[in-house]
Amino acid sequence: MKVLVVEDEVKMAALLRRGLTEEGLTVDLADKGEEAVAMASAADYDAVVLDVMLPGIDGFETCRRMRRDGVWAPVLMLTARGATDDRVAGLDGGADDYMVKPFAFAELQARLRALVRRGTVERPSVIEVGDLKLDPGTHQVWRGEAEIELSSKEFTLLEIFMRHAGYVLSRTQLLEQAWDYDFEHRSNVVEVYVRYLRRKVDVPFGVTSIETVRGAGYRLRKDGGR
Ligand code: CA
């Protein structure tokens, strides 16, 4: 079993390599995200252990780029205590599991074994609504041929709309699906993010796909606005 460990802290990287090697695994090390993407594309790894805090592109972006390059090995993210925001909890960028540092090595081994047993990640299928296209695996969105850059939250919101195209979704439904409970009292957060989304997926293309349904909520038109 071959594992790629991506960690820039020398001590931590050495510790991971020693521990995993003792378990009988073959371990390659990378200390930068860009390097890890290239290595993962060139070789077949059974799993990737990926630190979030890296010089250059961070762990999230590294994971996204690996997925975009067709690397579907399971990814276990390592994050610093206190940094477990919704990007991590949502396993942003296509990661499969995460652990908060410092962690017990035995737990890392157990999680890694579980991930590898599960095997290569099933590639989620691309969702299409009209000429809007969203890839949940690589976190990419297109209108027609044009790729659209969305923030993590905008992406989540658009994915919900696209999975329910043609249906009216209330603010409460959107809040519950896209935000944590802590967010529930920020009543205008949905409006704000719908506005952000429209500015990116509709306005530049001269279309209206996300409609306001008065007194009810919002609806993504089934034809994607065209
Ligand atoms: Ca680090």
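Every read-out reported here was derived from the displayed coordinates using simple, explicitly stated rules and does not represent laboratory data. Since the model is a prediction, treat every value here as computed from it, not as a measurement. Backbone-built Cβ (ideal geometry, glycine too); neighbour counts: all protein chains shown.
Things worth noting here:
- Phi angles of segment 55-63 translate, via the Karplus equation with coefficients 6.51, -1.76, 1.60 and θ = phi - 60°, into HN-Hα couplings of x, x, 5, 7, x, 4, 5, 4, 5 Hz per residue; Gly and Pro are given as x.
- Entry note, the chain: relative contact order of 14 percent, from Cα contacts under 8 Å with a spacing of 6+ residues.
- Cα-centred dipole magnitude for the chain, charges only on beta-carbon of K, R (+1) and D, E (-1), debye, nearest 20: 680
- For V213, net neighbour charge (Lys/Arg +1, Asp/Glu -1) across residues whose Cβ lies under 12 Å away: +3
- Residues L174, L108, sorted so that the one with the fewest Cβ neighbours within 10 Å comes first: L108, L174
- Contour excess over end-to-end distance, with Cα ends at T21 and E9 and 0.36 nm allotted per residue: 2.5 nm
- Annotation: amide H of M99 within the under-5 Å range of M77, L78, T79, sequence separation 5 or more or interchain, hydrogens built in the peptide plane.
- Straight-distance candidates among the lysines for linking to K101, with alpha-carbon spacing under 22 Å and chain neighbours fewer than 8 residues away dropped: K11, K32.
- Positive-pole candidate from L132, G119, T156, dipole of the chain, charges at beta carbon: L132
- Look at S151, S125 and count the other Cβ atoms within 10 Å of each Cβ; fewest to most, that gives S125, S151.
- As a proxy for reagent exposure, D131, D223 were ordered by neighbouring Cβ count within 10 angstrom, fewest first; the result is D223, D131.
- Between I57 and G33, E34, the built amide H atoms are under 5 Å apart, and every one of these is 5 or more places off in sequence or on another chain.
- Placing unit charges on the Cβ atoms only, positive for Lys and Arg and negative for Asp and Glu, gives segment 127-220 a dipole magnitude near 360 debye about its Cα centre.
- Largest GNM mean-square fluctuation across A47, A30, A114, computed for the chain with C-alpha springs under 10 Å, falls on A114.
- Set of segment 203-225 residues, backbone N closer than 16 Å to the point 7 Å along the Cα-Cβ line of I160: 210-213, 216-221
- Here the Karplus curve 6.51 cos²θ - 1.76 cosθ + 1.60, taken at θ = phi - 60°, turns the phi angles of segment 192-202 into couplings of 4, 6, 5, 5, 4, 4, 4, 5, 9, 9, 10 Hz, with x standing for Gly and Pro.
- Fraction of beta bridges assigned by DSSP in the chain that are antiparallel (%, nearest 5): 45
- Estimated 222 nm signal from helices in the chain, with DSSP H stretches of n ≥ 4 weighted -39500 (n - 2.57), rounded to 500: -11000 deg cm²/dmol
- With at most 11 other Cβ atoms within 10 Å, longest stretch of the chain clear of loop GluC sites (Glu not before Pro) (DSSP): 1-121
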